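What follows is a set of notes on a single structure, which appears directly below.
Rule-based calculations on the coordinates, nothing more; no lab input. Keep in mind that what you see is a predicted model, and the values were worked out from it rather than measured. Using ideal geometry, Cβ is built from the backbone for each residue, glycine included, and neighbour counts are taken over all protein chains shown.
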Amino acid sequence: MQRLQAFKYELMPTGEQQCQMRRFAGSCRFVFNQALALQQANREAGGKYIGYVAMAKQLTAWRNSGETAWLKEAPVHPLQHALKDLEKAYKNFFEKRADFPRFKRKGQRDSFRYPDPKQIKLDQANSRIFLPKLGWLRYRNSREALGELRNVTVSLSGGRWFVSIQTRREVEIPVPQGGAVGIDLGIARFATLSDGTFHEPLNSFKRHEAALCQAQQAMSRKTKFSSNWMKAKARVQHLHARIGNARRDYLHKTSTAISQNHALVFVEDLQVRNMSQSAAGTTETPGKNVRAKSGLNKSILDQGWFEFRRQLDYKLAWSGGHLVAVPPRNTSRTCPSCGHVSAENRRTQADFHCVECGFAENADVVGAINVLRAGHARLACEVSGAVRPPAAGTRRGESALTG
């Protein structure tokens, strides 16, 4: 079977190369925003969606125009791929998988992609890579990139430049290891398994919240765009990068441990966006317990549940296993011993005590057991043809970035 995988490394560019990469990222952002504005104006005029071929001709006109002749300084393939990114965003919107495409802002996820592998040279022995109009760039070669090179993405994060090298290679059909397990995700316990084991939460943001607050206050006191303001901003970016790196590292380690020891994993189909919505309400109908809900939202987002599920999905696929999402309704209120469903069964956040039969256990363990049983029941219905297979996380054909 074929495996698509991306290997991410930190670049060590020269000052001139950094300036060029910022210009290239800005050119791709400009093309994306111009194309989006053109699509919106065409839609308001009653026109149909403009396809990629027509947009590519418009890109040629922009490059040849005197006002935007600076687009010729950037490689053409990343600019064309920016149009493909917009086309993909529209497709996701039309198929109700994402919101309407939004304009990109400078400094937010600046990146550009080289889609043609023939233009790229990778010299792993000397830890360098050749990219069009950038030349040879050195990178921190933390591990070997396996497989045939497919494309390269250059991105800016926390003031540092990174390169993601996507490869394709043939691997043996994996044989899954272990049995089935249900997982209950929470805040007091990050992940509780139906066998009774659990993983403590990292709470990466909470650990650095005080330092981040102090750094942001220091930046707010500086004159905007001054030298001291730029230094303070770099400090804030460094803290954000540190928080994100720690969270991703923890999620990778946890998801790898679970995927390597289980062939079938059941998780709750949690809607994190709905769970973390603000309780402020409106002027006419103000919300209640807004401060408490705000703290809960912050804790939910600090866990990274969606990213954890995404990593579990592709790692289980790599090891021959499967991830199945089940509805989360009443998983924490149902007694696994007698099946009685009641909100009174869960008296506190951590304790479960059935009011019908007296069964007592940790509430998170009970939730994981119920998720496991609901998953088996769902699979039985799928075999009989009663329901369609659920979508769990990313699609099997999509590549996954691993750091």
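Identify all aspartates and glutamates with a Cα-Cα distance to Lys48 below 18 Å; exclude those on the same chain that are fewer than 8 residues away in sequence.
Output for Lys48: Glu87, Glu95.
Which residue fluctuates most in the GNM of the chain (Cα springs below 10 Å): Gln124, Gln40, Gln311?
Gln40
Step through the residues of region 170-176 one at a time and calculate ³J(HN,Hα) from phi using the Karplus curve (6.51 cos²θ - 1.76 cosθ + 1.60, θ = phi - 60°), rounding each to whole Hz and writing x for Gly and Pro.
The phi angles translate into 8, 10, 5, 5, x, 10, x Hz.
Among Glu95, Glu209, Glu382, which one shows the biggest mean-square fluctuation in a GNM of the chain, springs joining Cα atoms closer than 10 Å?
Result for the chain, Cα springs under 10 Å: Glu95 fluctuates most.
For Phe7, what residues show an amide H to amide H distance below 5 Å, using hydrogens built from the backbone and excluding near sequence neighbours?
Long-range HN contacts for Phe7: Ile165, Gln166, Thr167.
In whole angstrom, note down how far apart the Cα centers of region 343-369 and region 281-310 are.
Answer, in whole Å: 24.
Rounded to whole Hz and in sequence order, give me ³J(HN,Hα) for region 24-40 from the Karplus expression 6.51 cos²θ - 1.76 cosθ + 1.60, θ = phi - 60°, writing x for Gly and Pro.
5, 5, x, 5, 5, 5, 4, 5, 4, 5, 5, 5, 5, 5, 5, 5, 5
GNM on the chain, C-alpha springs below 10 Å: top fluctuator among Phe30, Phe359, Phe94?
Fluctuation is largest for Phe94.
Given the rule -39500 (n - 2.57) for each run of at least 4 DSSP H residues, summed and divided by the residues of the chain, what is its mean residue ellipticity at 222 nm, to the nearest 500 deg cm²/dmol? Numbers along the way, then the final one.
Numbers: 9 runs with 168 residues, N = 403.
One gets -14000 deg cm²/dmol as the mean residue ellipticity at 222 nm.
Count the net charge of all other residues whose Cβ sits under 15 Å from the Cβ of Arg140, scoring Lys and Arg as +1 and Asp and Glu as -1. Mind dumping the intermediate values first?
Working: positive: Lys8, Arg128, Arg138, Arg143, Arg160; negative: Glu10, Asp123, Glu144.
Charge balance in the 15 Å sphere: +2.
First select every other residue whose beta carbon is under 15 angstrom from the beta carbon of Gln40; then total the charges, Lys and Arg +1, Asp and Glu -1.
Values: positive: Arg43, Lys48, Arg102, Lys104; negative: Glu44, Glu87, Asp99.
Net of charged neighbours comes to +1.
Antiparallel DSSP bridges in the chain: what percent, to the nearest 5?
Numbers: 41 of 53 bridges.
In the chain, approximately 75 percent of DSSP beta bridges are antiparallel ones.
Please state the relative contact order of region 1-124 as a whole percent: Cα pairs under 8 Å, 6+ residues apart? Please list the in-between numbers first.
Details: 84 pairs, mean separation 40.0, N = 124.
This gives 32 percent for region 1-124.
How large is ³J(HN,Hα), in whole Hz, for each residue of region 73-78 in order, when computed from phi with the Karplus curve 6.51 cos²θ - 1.76 cosθ + 1.60 and θ = phi - 60°, using x for Gly and Pro?
6, 8, x, 6, 5, x
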